[in-house]
1. How much length would be gained if the chain were fully extended between C29 and H11, taking 0.36 nm per residue of separation minus their Cα-Cα distance, in nm to one decimal?
2. State to the nearest 20 debye the size of the charge dipole of region 1-137 about its Cα centre, where the only charges are +1 on K and R beta carbons and -1 on D and E beta carbons.
3. When you have a sec, figure out the Kirkwood radius of region 3-141 from all distinct Cα pair distances and drop it here in Å to one decimal?
4. What do you get when you divide the Cα radius of gyration of region 1-48 by 2.2 N^0.38 Å, with N the number of residues?
5. Please state the charge dipole magnitude for region 38-117, taken about the Cα centre, from unit charges on C-beta atoms (+1 on K and R, -1 on D and E), reported in debye and rounded to the nearest 20.
6. Using a basic spin-label model with each label point 7 Å from the Cα along Cα→Cβ, how many nm lie between E89 and A184?
7. Starting from 0.36 nm per residue, how many nanometres of slack lie between N73 and R123 once their C-alpha separation is accounted for?
8. Cβ neighbours within 10 Å, averaged per peptide: list 33-44, 5-16 in order, most packed at the top.
Amino acid sequence: MKCRIMIADDHELVRVGVRAFLEQCQDLCVCCEATDGHDAIEKAGQYHPDISIMDIGMPVTNGIVAARRILKNAPGHRILILTVPEPDETIRAALESGIRGLVYKTDPLSNLLDAVNEIRRNRTFFTAQVGDMILKEYLLIDQGPVVEQKNSPEPTLTLRERETLQLIAEGKSTKEVAMCLGLAVKTAETHRGRVLRKLRLHNATELTLYAIRHSIIEVPVLNDQFQNKTLVAGVTK
């Protein structure tokens, strides 16, 4: 029986390339594609793929939030992140969402196929850099308790609040946020207010800066030297 795969990435070139590569294997088939995180959540519920290959930096809903929503609806689903090199904080958030593997777009193609095959067997697969990070943190934990920094704990946002934050940071009005998330305008306003209070921010500009620093949104680089590239929390792709 073929393994059914969903590819979720906002870049068509990536989706087409990954599909062409994977479908060279007779026991793999791409059952659907998604262009953003919200689309991925809907397609996962509609097509029930065995594995979803997802980018992190997608519009509307990023890959981490989408992964959490998909796994909440289908705990047995398996998600592989395919992304550009990301800051450790973003990788930790991805790992905490329940993904089964992570491969960088700068890795050899063989890593992608190895990851898919391992995840099919209910194993995990992480690119070398991420594996090293996990190992180092495990060793630190194994050495004994670590004194936690409690001066400024990171606020916890609900999935809906993270979606609201991303949409506002992408420049959408409260009415547009409500339309994207299928909410009443008043409910969207409530989520916006809660996000501002939790993050101790005051306006959409500060929310946008927060989203950039935490790799929640991608920022186009307007400099001619970097035209057609994207900056993701300091990483170009």
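Nothing in this text is a laboratory measurement; each read-out follows from the coordinates by a stated rule. Just so it is clear, the structure is predicted and the values come from calculations on it, not from any experiment. All Cβ positions, glycine included, derive from the backbone under ideal geometry; neighbour counts span all protein chains shown.
1. Values: separation 18, 0.36 × 18 = 6.48 nm, distance 1.96 nm.
In short, 4.5 nm is gained.
2. Values: 16 positive and 20 negative charges, 113 e Å.
Dipole magnitude for region 1-137 comes out near 540 debye.
3. Working: mean 1/r = 0.0677 Å⁻¹.
The Cα-based Kirkwood calculation yields 14.8 Å.
4. Details: Rg = 10.6 Å, N = 48, 2.2 N^0.38 = 9.6 Å.
That ratio works out to 1.11.
5. On the way: 8 positive and 10 negative charges, 57 e Å.
It works out to roughly 280 debye.
6. It works out to 3.5 nm between the two label points.
7. Values: separation 50, 0.36 × 50 = 18.00 nm, distance 2.08 nm.
Between N73 and R123, full extension yields an extra 15.9 nm.
8. Numbers: 33-44: 22.2, 5-16: 19.2.
Highest mean packing first, the order is 33-44, 5-16.
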